[in-house]
Amino acid sequence: MTERPGTIAGAATVTPDDPRYENLLDAYNHRFVTRPEVIRVPTTTEQVVDAVQAAVTAGKRIVVRSGGHCFENFSALPDTQVLLDLSQLDDISYDERFHAVSIGGGAKLGHVYRALFARWGVTVPAGTCFEVGVGGHFSAGGYGHLSRRDGLVVDHLYAVEVVVVDDTGRARAVVATREPDDPHHDLWWAHTGAGGGSFGVVTRYWMRSPDAVSHEPEAVLPKAPARVRRRDVMWSWETMTEAALTTLLRNYCTWYERNSAPDSPYAHMWTNLIVMHRSAPMFVLTAVIDEAVPDSDKLLDAQLEAMSAGSGVQPSMTVDQVMPWMSEWMPSYSWPNDPKGRYKNKAAYLRRGLTDRQLAAVWRHLTRDDYANPSACILLTGFGGRVGAVAPDATAMPQRDSILKLMCSAGMWQDAAEDDVHIGWVREFYRDLFAQTGGVPVCDDRTDGSYIGYPDVDLADPAWNTSGVSWQELYYKGNYPRLQAVKRRYDPGDVFRHGLSVELPA
């Protein structure tokens, strides 16, 4: 819609001899550490344009970081010479021009939730890790505890501002909107599921629901619940058998198969089942629902009853709470939870529940005696609902009819000497789960690839992906050629790239 060059210098410049340097390097996954020549900390879009232009002109490798909460090394690449830290681009306001809420590209989810609610009583259906930056989270699609009710974050994205570099090496800021006649419409579309780091630097998002008719800020995004009903259910490993766990997991998946339509009465409910390795004493189900939903307590009861049926085991503890939206109700799994944490995670979309063979693999790997990590786990997170009301090509995120997101996680560890042990365990677990499809969740009637917001470079490694299906297909399906066309137009020099970035067409 608009373009503008950089005109204002003055982004903070931090070099290795600056006392701020080590602090600004710190990020989520300490498996990856970069030591750039300089860190730039802009506070305006113009400063971002200038920083990008200076790096391109000097031939320096520039890497962008919004929140730094990345499972891979995309914001800590070893060849980084200039690190662009967007943490100070975190302002939130109402833009009368677009009648939309403006959110800086470096804002973190915790700040976003608090500002949206305190100022206007609204929210976005984003994630549960409060330290995640919107730059990568929103552009990957963005989902969380309200997505079954409200869809993905990008279903509410009206516009995005991106600093791009053209074929002459000129950096400029482009604003792209969802208006069909916008000449930059495809750049907007690319930021509805392709993830960050492929096209340019996201400096701002404008959020407005497509069905919003009012110009009042209180009415342009989904209303936040006033109070939330939360249930935490814990089962002890001490009394768990393979038959019991298999039944619980099968029932959990079957419930989602039956209750994930956009108009389901359960579309207001979100659950997250985390089954830790047996070296942990328990595993837990968290379920949340807006208290204002009619019979919200009965809906929670029915879900737990369906999950427990025939398992022969009772929870060791069940905790029910009703809490105000702005209280500590949300199940957050946020960094900074450990200043030296190291992580490896592998994800999949499920269109149907786990098979008996897969359920046996879950038991086998979570009870292995040759491995022990209380935080290693499998997660099965609720999806579906209003997510499925949008066509697969309407946004860049095509997995619209999945019912669950699955993640195999090696949890957290601190010692680099243990990397091979933990990474090896989660790789073997994941490969075993999808052994019948080449070790990855191919796009078929049961699975539907993976989520670029949970990046896994193993999907591009033929040692771990023997399916013959490319990582591009697993993440983007039929949307990939259009993404490549956007890449060719807006980043023809491949300035912005990482291990799973959109590639220029041949």
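Tabulated results
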quantity: Cα-based shape type of region 32-77, given that a ≥ b ≥ c are square roots of the gyration tensor eigenvalues and the cut on a/c is 1.5; calculated: oblate
quantity: Gyration tensor verdict on region 296-419 (Cα atoms; rounded if a/c is under 1.5, prolate if a/b is larger than b/c, oblate otherwise); calculated: rounded
quantity: Scaled radius of gyration (Cα, divided by 2.2 N^0.38 Å) that region 460-502 gives; calculated: 1.29
quantity: Within the chain, helix-based [θ] at 222 nm, where runs of 4 or more DSSP H residues each add -39,500 (n - 2.57), nearest 500; calculated: -7000 deg cm²/dmol
quantity: Gyration tensor verdict on region 274-326 (Cα atoms; rounded if a/c is under 1.5, prolate if a/b is larger than b/c, oblate otherwise); calculated: oblate
quantity: Carbon/sulfur fraction of accessible area - region 379-503, other protein chains in place, 1.4 Å, %; calculated: 48 percent
quantity: Descending semi-axes in whole angstrom, ellipsoid equivalent of region 117-238, from the Cα gyration tensor; calculated: 31, 20, 11
quantity: Relative intensity, log₁₀ I(q)/I(0), of region 54-206 from a Debye sum that treats every alpha carbon as a point, q = 0.08, 0.12, 0.15 Å⁻¹; calculated: -0.22, -0.49, -0.77
quantity: Residue-normalised accessible area of the chain, given per residue in Å² at a 1.4 Å probe; calculated: 37 Å²
quantity: Set of lysines with alpha-carbon distance to Lys298 below 17 Å, sequence-local pairs under 8 removed; calculated: none
quantity: Coordinate range along principal axes, alpha carbons of region 380-452, Å, largest first; calculated: 46, 27, 20
quantity: P(r) of region 1-108 over all Cα-Cα pairs, binned every 10 Å from zero, in whole percent; calculated: 14, 43, 32, 10, 1
quantity: Length gained when the stretch Arg368-Ala417 is fully extended (0.36 nm per residue, less Cα-Cα span); calculated: 15.6 nm
quantity: FRET E, pair Asp211, Lys298, Förster distance 30 Å, beta-carbon r, rounded to 0.05; calculated: 0.55
quantity: Region 204-213 - phi-based ³J(HN,Hα) in whole Hz, Karplus 6.51/-1.76/1.60, Gly and Pro as x; calculated: 6, 10, 10, 10, 7, 5, x, 9, 6, 10
quantity: Measure of compaction for region 109-175 (Cα Rg per 2.2 N^0.38 Å); calculated: 1.33
quantity: Extension gain from Arg20 to Ala226, taking 0.36 nm per residue of separation minus the Cα-Cα distance; calculated: 70.1 nm
quantity: Alpha-carbon Debye profile of the chain, log10 I(q)/I(0) at 0.08, 0.09, 0.12 Å⁻¹; calculated: -0.47, -0.61, -1.11
quantity: Rule-of-thumb Rg ratio for region 89-141 [Cα; 2.2 N^0.38 Å; N residues]; calculated: 1.06
quantity: For region 400-442, projected area of the alpha-carbon convex hull averaged over all directions, nm²; calculated: 3.9 nm²
quantity: Pairwise label distance in nanometres, Arg170 with Gln321, each label 7 Å out on the Cα-Cβ vector; calculated: 5.5 nm
quantity: Two-site label geometry, His185 and Thr254: point separation in nm, points 7 Å out along Cα→Cβ; calculated: 4.6 nm
quantity: Within straight-line cross-link reach of Lys477, aspartates and glutamates at Cα separation under 12 Å, skipping those fewer than 8 residues along the same chain; calculated: Asp393, Asp444, Asp448
quantity: Full-stretch length increase - Asp79, Asp445 - with 0.36 nm per residue and alpha-carbon distance subtracted; calculated: 127.7 nm
quantity: Kirkwood Rh, angstrom, region 425-506 [1 / mean 1/r, Cα pairs]; calculated: 13.6 Å
quantity: Pair Glu218, Arg357: separation of 7 Å Cα→Cβ label points (nm); calculated: 5.7 nm
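The values are calculated or read from the model by the stated rules, or taken from the named source; none is laboratory data. As the structure is a prediction and not an experimental result, all values here were calculated from the model. In this analysis, Cβ positions are derived from the backbone assuming ideal geometry, glycine residues included, and neighbour counts consider all displayed protein chains. Please note that ligands, DNA and RNA were not included when accessible areas were found on the heavy atoms of the full protein model with its side chains. Shrake-Rupley method; radii C 1.70, N 1.55, O 1.52, S 1.80 Å.
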